[in-house]
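Visitor: One structure, pasted below without further comment.
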Amino acid sequence: MGVVAIQGDVSEHVLALKRVVGQGEVLVVRKAGVLPQCDGIVLPGGESTTISKMMSHSGMDGEIRDAALSGVPIMATCAGLVLISREIEGDDRVRPLGLMDVTIGRNAFGSQRESFEADLEVKGFDEPYRAVFIRAPCIVRCGQEVEVLARARDSVVAARQGNLFGLAFHPELTDDLRFHNMFMEAVADVL
Ligand code: GLN
């Protein structure tokens with residue numbers, strides 16, 4: 001498993017993945033050349049403008065695109081979701097990878113001070129899931145291939161399009177690893 005380590009909450013994702021990965025290895029990926037060998041990729045939250053620039057500078061953008069198109073599962077959280085989207089509403093500072101057929105509203109719930117937690121009803125989960133939102137985006141438009149997994153405050157905040165998982169919140173910041181498990185199941189299905 002590869003965690004793209006350009007900026008943001010990388011170590012938390014690494015710890016969460018190590019708890020669910022079983023025999024597998026979790027790699028902290030800082031440069032091009034590693035992602036093509038990964039069976040699953042995590043694109044963490046952070047600042048999407050910064051991550052976007054460094055991703056294309058390093059050449060990892062093309063590798064993520066190739067992996068996604070060849071069916072490798074990708075879990076993109078918060079800024080990661082912004083980056084895998086097809087388009088971003090009213091903001092041309094970030095050039096998204098255009099992988100998930102969604103339109104994103106950045107910072108949709110307000111500023112850092114307005115960060116919040118919410119109990120989500122998630123498709124496929126028996127119990128509510130407590131999600132942490134930090135300057136979170138939301139999904140304002142979903143293409144036909146996109147399955148909505150959860151909403152918060154009337155907005156779509158979790159979705160799946162085949163091998164792509166887009167989450168507006170931070171599943172790596174809580175002990176509830178159901179989203180990491182869901183992602184690992186997708187990885188196991190491909191192997
Ligand atoms: N607001 C940030 C962005 O759009 C995302 C915040 C986060 O990843 N926690 O880049």
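The values are calculated or read from the model by the stated rules, or taken from the named source; none is laboratory data. Being a predicted model, the structure only gives us computed values, none of them experimental. Backbone-built Cβ (ideal geometry, glycine too); neighbour counts: all protein chains shown.
Visitor: Hey, can you tell me all the residues within segment 78-107 that are within 11 Å of the ligand (Cβ to nearest atom), surrounded by fewer than 24 Cβ atoms within 10 Å (Cβ to Cβ) and part of a strand (DSSP E or B)?
Guide: Passing the criteria: Ile88, Gly105.
Visitor: Read through the list (1) closer than 14 Å to Cys138 by Cα; (2) in contact with a helix residue (DSSP H, G or I) (Cβ under 7 Å, 6 or more places away or on another chain); (3) away from the ligand (no atom under 11 Å from the Cβ); (4) among the aliphatic types (A, V, I, L, M), then give the number of the only condition that Met75 fails.
Guide: (1)
Visitor: Same structure, new question: Given the residues Arg93, Arg86, which is the only one that is of a type in the set (Lys, Arg) and in contact with a Gly (Cβ under 7 Å, 6 or more places away or on another chain)? Give the derivation first.
Guide: Details: Arg93 fails: in contact with a Gly (Cβ under 7 Å, 6 or more places away or on another chain).
None of the others qualify; the one that does is Arg86.
Visitor: Name the strands (runs of 3 or more DSSP E) wholly inside segment 146-186 in which the number of residues that are surrounded by fewer than 23 Cβ atoms within 10 Å (Cβ to Cβ), on the phi < 0 side of the Ramachandran plot and modelled with pLDDT of 95 or more is 3 or more. Show your work before the answer.
Guide: Working: elements: 147-152, 155-161, 164-167.
Counting at least 3 such residues, we get 147-152, 155-161.
Visitor: Arg135 is checked against (1) farther than 16 Å from Leu43 by Cβ; (2) surrounded by 18 or more Cβ atoms within 10 Å (Cβ to Cβ); (3) more than 14 Å from the ligand (Cβ to nearest atom) and fails just one. What number does that condition carry?
Guide: (3)
Visitor: Another one. Looking at this structure, is Ser70 over 17 Å from the mean Cα position of the chain (by Cα) and more than 10 Å from the ligand (Cβ to nearest atom)?
Guide: Details: over 17 Å from the mean Cα position of the chain (by Cα): yes; more than 10 Å from the ligand (Cβ to nearest atom): yes.
Spelling it out, Ser70 is indeed over 17 Å from the mean Cα position of the chain (by Cα) and more than 10 Å from the ligand (Cβ to nearest atom).
Visitor: Further question: Look at segment 1-59 and say how many of its residues are more than 16 Å from the ligand (Cβ to nearest atom), in a helix (DSSP H, G or I) and surrounded by 17 or more Cβ atoms within 10 Å (Cβ to Cβ).
Guide: Of the residues in segment 1-59, 5 are more than 16 Å from the ligand (Cβ to nearest atom), in a helix (DSSP H, G or I) and surrounded by 17 or more Cβ atoms within 10 Å (Cβ to Cβ).
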